[in-house]
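Below: the structure, in structure tokens.
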Amino acid sequence: MKKYILCIIVWPLVTFFLAGCASGKKAVKRISVTPDSCVLLPDTAGNVVLETAFQIPGHYISKRSRLVIVPQLLVNGEVRKELAPLVVDAPIYEKKMERKKVIDGYQDPYRSGRWMAKNFSRPFELPYREAFAIPEDLETGRIRAVVSSDGCGECTGIDTVEVASISSLATLINTKEAFDLAWIEPEFVIRPKMREGRGEALLQFVINRHDINLELGNNRRELEQMIAALRPVLADTLATIKDIHIYGMASADGPYVFNTTLARNRAASARRWLVDELDIRPDIRRLIAVGSRPEGWWPVYQAMLADGHPDSLAVKDILLRYTEGNDDVQERYIRRLSCWPDIRSKYLQKDRKVEYTYTYTLRNFVTDSELQTMYLARPDAFNEDELLRVASLAASDSSKIEVYRTLMNYFPQSQVSANNLAVLYLRNGREAEARRTLNRLKEFSPEVLNTLAASYVYAGDYERAVELLQDVELPQARYNLGLLKARQRKLNEAYRLLKDYRDVNSAIMALSVARNEEAKDIMDGVEDNTPLAAYVRALVAARLYDDAGFYRGMTEACREESLRRRAMDEPDFARYRNDEAFRKMVESE
């Protein structure tokens, strides 16, 4: 009888507490979400929108409870962000909060955005929408909701619900490492290097005389400048002189035949002086020829025109009208002009130019070792092709850089040299020097624009790099533009730019736009055994339900720590997450 009476007393109490405590219900009932297995894709600004609905089972909480659902962003298993909570109050709980507010001045942290529910015995749906920015370094992540409910006010029930995954396959691409630097392979054309030079000496002579008087005017200085120009060429042991021409000039005033002979004799005087001063060998003397170039009357007209003389047009008319024969006919008519005294006193040149030209070749180098040896002794004697050849023979980047810097000193607008020097700088982490090298050019070839864009990528200025590559017609540039579009999360543009290159990165973009079979076809033809390639093969296998292929790829991919960590939250690997073999791979230390 005592046992019977005890059961009558205890049973209602047990029933009451089971009805009042949410924790007793949660053992058999779980909250779910719609849609299930949602994958969120960040937009170009790095934002995602979580739009879902929580399905609450009947009797999940009591009439005395508050249901709180807090979605959280998890990255590598750690909470990185909490989103706005979803709060539902039962009627009795609401009345209790109102009493506390009136009596105790309680401020409810969830007073805004609450839902009121009258009947928890039936299932109901709670819609949820929240936009938020993801961290810049996020590769993959999960949205998990933490659920709590307070029934009697003294016990708390905790539950978790997997809500969605965040995927950004494009982050598998390391833009800097994948950026294709367009090295220009020079075509060497090693041939005799014909070089030429020219100059002039403004000498004064006694009227109708051809001998040189160093005391007249600036004759000494003019001849010394002539020697300074010719001495290095004549002394260069690598140079082979082909010819030296010296041309004398005489005034237009006087008979043409007389002036021609006088001009030639003045050139011969300059030749004799040059031979004596430089002690030129007999074999070189024979190569020095003299000639004459009478000035004619055009210099007189140009001097009158520059001076604003009113009769300059009359002189021009005579020069255009009488073009046959030598300039004696022109002189006869010019002497009849009323301005002849002005011409004779002001515009007939007092200095008589002696022009000189010279051509020579530099010897060819037969062997690479000879080329390198002579480069160390005489880099100034090399043409661009030979310097490019020396650069190609250099064993290290530092040696190549030195040769290319020499090239830029002698050939500052060489597109090949500037581009390749900048590429070497970039390989060695010197992007500022690369940019300065390229910005000195007046024109930019497609290769140079591609390398200039790379210098901005290496400095982190991706927007400027996109601007430079937008209209460059070069395979490397189109590939690099695709990488940059992928980084901007412009997936369709990136896919169109990269699809024809059929490498690991193009397979990643095919997966990004759900072209799974195409990605498999690409990876089947790729001879790449890096952990990244293995990870992409695992992604392809997971999407095509090839379990054996998935585990083969993951075994190799997990050799790289960053990929192992990423795999924990990879949405495509969700169905393997509870497999013991997968957990051992990704959770191993």
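Which one of the conditions (1) surrounded by fewer than 20 Cβ atoms within 10 Å (Cβ to Cβ); (2) under 27 Å from VAL403 (Cβ atoms) does LYS490 fail to meet, given that it meets all the rest?
Every condition holds for LYS490 apart from (2).
Hey, among LEU511, LEU532, which residue is open to solvent by 10 Å² or more (accessible area, probe 1.4 Å), assigned to a helix (DSSP H, G or I), over 22 Å from TRP183 (Cβ atoms) and in contact (Cβ under 8 Å) with a residue 60 or more places away in the chain?
On the way: LEU511 fails: open to solvent by 10 Å² or more (accessible area, probe 1.4 Å).
Result: LEU532 is the single residue among LEU511, LEU532 that is open to solvent by 10 Å² or more (accessible area, probe 1.4 Å), assigned to a helix (DSSP H, G or I), over 22 Å from TRP183 (Cβ atoms) and in contact (Cβ under 8 Å) with a residue 60 or more places away in the chain.
Residues of region 323-347 being assigned to a loop (DSSP other than H, G, I, E, B), within 12 Å of GLY296 (Cβ to Cβ) and open to solvent by less than 70 Å² (accessible area, probe 1.4 Å), which ones?
Hits for region 323-347 are ASN326, ASP327.
Just to be sure, is ALA252 hydrophobic (A, V, I, L, M, F, W, C), under 30 Å from GLY325 (Cα atoms) and at pLDDT 85 or above?
Numbers: hydrophobic (A, V, I, L, M, F, W, C): yes; under 30 Å from GLY325 (Cα atoms): yes; at pLDDT 85 or above: no.
No.
Any residue in region 558-577 that is surrounded by fewer than 19 Cβ atoms within 10 Å (Cβ to Cβ) and in contact with a Leu (Cβ under 8 Å, 6 or more places away or on another chain)?
yes
Go through region 446-467 and report how many residues are modelled with pLDDT under 95 and either among the polar types (S, T, N, Q) or on the phi > 0 side of the Ramachandran plot (or both).
Qualifying residue count, region 446-467: 1.
With (1) of a type in the set (Lys, Arg); (2) without any contact (Cβ under 8 Å) to a residue 60 or more places away in the chain; (3) within 30 Å of ALA422 (Cα to Cα) as the list, and ARG321 as the residue in question, which single condition is left unmet?
(3)
For region 74-119, give me the residue count where each residue is of a type in the set (A, V, I, L, M), open to solvent by less than 60 Å² (accessible area, probe 1.4 Å), outside any loop (DSSP other than H, G, I, E, B) and within 20 Å of TYR60 (Cα to Cα).
Of the residues in region 74-119, the ones of a type in the set (A, V, I, L, M) are 74-75, 79, 83-84, 86-88, 90, 92, 97, 102-103, 116-117.
Remaining after also requiring open to solvent by less than 60 Å² (accessible area, probe 1.4 Å): 74-75, 83-84, 86-88, 90, 97, 117.
With outside any loop (DSSP other than H, G, I, E, B) added as a condition, the list becomes 74-75, 86-88, 97.
Checking the rest, the ones that are also within 20 Å of TYR60 (Cα to Cα) come to 86-88.
Number of matching residues: 3.
Any residue in region 196-203 that is in a helix (DSSP H, G or I), open to solvent by 20 Å² or more (accessible area, probe 1.4 Å) and under 14 Å from SER292 (Cα atoms)?
The first filter runs over region 196-203 and keeps only residues in a helix (DSSP H, G or I), leaving none.
No, region 196-203 contains no residue that is in a helix (DSSP H, G or I), open to solvent by 20 Å² or more (accessible area, probe 1.4 Å) and under 14 Å from SER292 (Cα atoms).
Working only within region 255-278, note down all residues that are surrounded by fewer than 17 Cβ atoms within 10 Å (Cβ to Cβ) and hydroxyl-bearing (Ser, Thr, Tyr).
THR261, the sole residue that qualifies.
At pLDDT 80 or above and either assigned to a loop (DSSP other than H, G, I, E, B) or touching a Phe, Trp or Tyr at 6+ places or on another chain (Cβ under 9 Å) (or both): is that true of VAL161 in this structure? Working first, answer last.
Values: at pLDDT 80 or above: yes; either assigned to a loop (DSSP other than H, G, I, E, B) or touching a Phe, Trp or Tyr at 6+ places or on another chain (Cβ under 9 Å) (or both): yes.
For VAL161, the condition - at pLDDT 80 or above and either assigned to a loop (DSSP other than H, G, I, E, B) or touching a Phe, Trp or Tyr at 6+ places or on another chain (Cβ under 9 Å) (or both) - is met.
Spot the failing condition for ARG209; the list is (1) among the basic types (Lys, Arg); (2) in contact with a Ser or Thr (Cβ under 9 Å, 6 or more places away or on another chain); (3) in a loop (DSSP other than H, G, I, E, B), and only one is missed.
For ARG209, the exception is condition (2).
Tell me whether region 304-315 contains one or more residues that are closer than 30 Å to ALA228 by Cα, among the hydrophobic types (A, V, I, L, M, F, W, C) and either open to solvent by 40 Å² or more (accessible area, probe 1.4 Å) or in contact with a Phe, Trp or Tyr (Cβ under 9 Å, 6 or more places away or on another chain) (or both). Write out each step before concluding.
Initial filter on region 304-315 (closer than 30 Å to ALA228 by Cα): none.
No, there is no match, as no residue in region 304-315 is closer than 30 Å to ALA228 by Cα, among the hydrophobic types (A, V, I, L, M, F, W, C) and either open to solvent by 40 Å² or more (accessible area, probe 1.4 Å) or in contact with a Phe, Trp or Tyr (Cβ under 9 Å, 6 or more places away or on another chain) (or both).
Return the pair list, or none, for Cβ contacts closer than 9 Å from residues in region 475-502 that are part of a helix (DSSP H, G or I) to residues that are open to solvent by 80 Å² or more (accessible area, probe 1.4 Å) and hydrophobic (A, V, I, L, M, F, W, C), at least 6 apart or on different chains.
Filtered contacts from region 475-502: LEU491/LEU41.
The values are calculated or read from the model by the stated rules, or taken from the named source; none is laboratory data. Bear in mind the structure is a predicted one, so any value in this text is a computation, not a measurement. Heads up, the Cβs are rebuilt from the backbone with ideal geometry, glycines too, and the neighbour counts pull from every protein chain shown. Side chains included, ligands, DNA and RNA excluded: accessible areas come from the protein's heavy atoms. Shrake-Rupley method; radii C 1.70, N 1.55, O 1.52, S 1.80 Å.
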